[in-house]
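Only one structure is covered here, and it is reproduced in the block below.
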Amino acid sequence: MKKVLLINGSSHEKRDTHEALEIVEKELNAAGVETEWFWIGNGPVRGCMDCEMCEGKARCVFDDDVVNPLIDAICGADGVVIGTPVYFCAPNGALMTVLNRVFYAGSEHGRLFEGKLGASVATMWRSGGNSALAALDKYFMISGMPVVPNKYWNMYFSPRSDLGEDGFGKENLQNLGRNMAEMLLKK
Ligand SMILES: Cc1cc2nc3c(=O)[nH]c(=O)nc-3n(C[C@H](O)[C@H](O)[C@H](O)COP(=O)(O)O)c2cc1C
C-alpha cells in the first residue's frame, strides 16, 4: 500500500495546519493511500551548522531532536505533504530550521528522497501563502521529488480568521489529495 507522510510544521499539534492536512488526508485515504503523521513539535531545534558531518552518512550529527526521526519517516513513505502556518509571509522558522537539516543530510548527502512525491500546504490568517509555498517547494525541487500539481495554490485560510469558512480552499485541498493519490497509484 502506498503511504504519504503528513508533516505538521506548526507549533500547534491540532489547529489550523492540522485541519488543512486532514482535508488532504481524507482524500488520500478514500483513494486507498495510507497516511502517517509527523508533528515537528514546539521544542528547541538547532540550526544547520554547515559542519558537513552528514556527508556520507545522510544523518544529522545532532541526534537529540526531530530531524533524524523525520529523515527516517520520509524514507518510509512514498510521498510527503508539508504543512506550515504562514509567519511574516514565510513558513514557520522552526519548520525551515528542521527542513534545512533534514534535506541537507537526507537529500544533499544521500539522495534518499528521489522519486517520492512532494506537496506543500500553507495556512494563514489573510496573506503571504504564496511565498511560504515557494520556499517549501524548493526542498522538493532540489531533491528529485516531483511536486504534485493542483488547480490553485495550496492555501487555506484559518477558520479562526475574520474571513469565515474557506470553502474554496477546502475544495482545492481535496483536489490536491486526489491528484496525489492518482499520481501515487499510477507509479
Ligand atoms: C509570528 C506570526 C506571524 C504571522 N504572520 C502571518 C502572515 O504574514 N500572514 C497571515 O495571513 N497570517 C500570519 N500569521 C497567522 C497564522 O499564519 C495563522 O494563525 C495560522 O493559521 C496558524 O496556524 P496553526 O494554527 O496551525 O499554528 C502569523 C502568526 C504568527 C504567530
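The values are calculated or read from the model by the stated rules, or taken from the named source; none is laboratory data. Since we're looking at a predicted model, the values are computed, not measured. Here the Cβ positions follow ideal geometry from the backbone for every residue, glycine too, while neighbour counts run over all protein chains shown. Just so you know, the surface numbers come from the protein's heavy atoms only, side chains and all, with ligands and any DNA or RNA stripped out. Shrake-Rupley method; radii C 1.70, N 1.55, O 1.52, S 1.80 Å.
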**OP:** Just reorder Met155, Met141, Met1 by solvent-accessible area, largest first, 1.4 Å probe, all chains present.
**Re:** Met1, Met141, Met155
Subject >> Equivalent ellipsoid, the stretch 115-176 (semi-axes from 5 times Cα gyration tensor eigenvalues, Å) >> reply: 24, 13, 7
Subject >> Heavy atoms of Asp50 accessible to a 1.4 Å probe, total area in Å² rounded to 10 >> reply: 100 Å²
Subject >> Counting DSSP beta bridges with both ends in the chain, the antiparallel % (nearest 5) >> reply: 10 percent
Original post:
So who's got an amide H within less than 5 Å of the one on Asn92, skipping anything under 5 residues away but keeping other chains? H placed 1.01 Å off N, in plane.
Top reply: Tyr87
**OP:** May I ask you to give the solvent-accessible area per residue for the stretch 1-117, in square angstrom, as obtained with a 1.4 angstrom probe?
**Re:** 45 Å²
Subject >> Relative compactness, the stretch 37-170, computed as alpha-carbon Rg over 2.2 N^0.38 Å >> reply: 1.08
Subject >> Accessible carbon and sulfur surface of the stretch 57-187 relative to its total accessible area, %, 1.4 Å >> reply: 58 percent
**OP:** For the stretch 52-102, run through the chymotrypsin sites (Phe, Trp or Tyr not before Pro) and keep only the ones in DSSP coil with at most 10 other Cβ atoms within 10 Å of their Cβ.
**Re:** Phe88
Original post:
In 10 Å bins starting at 0, how do the alpha-carbon pair distances of the stretch 17-74 split up by percent?
Top reply: 19, 38, 25, 18, 1
Original post:
Taking only DSSP H segments of four or more residues, each worth -39500 (n - 2.57), what value at 222 nm results for the chain once the sum is divided by all its residues, to the nearest 500 deg cm²/dmol?
Top reply: -11500 deg cm²/dmol
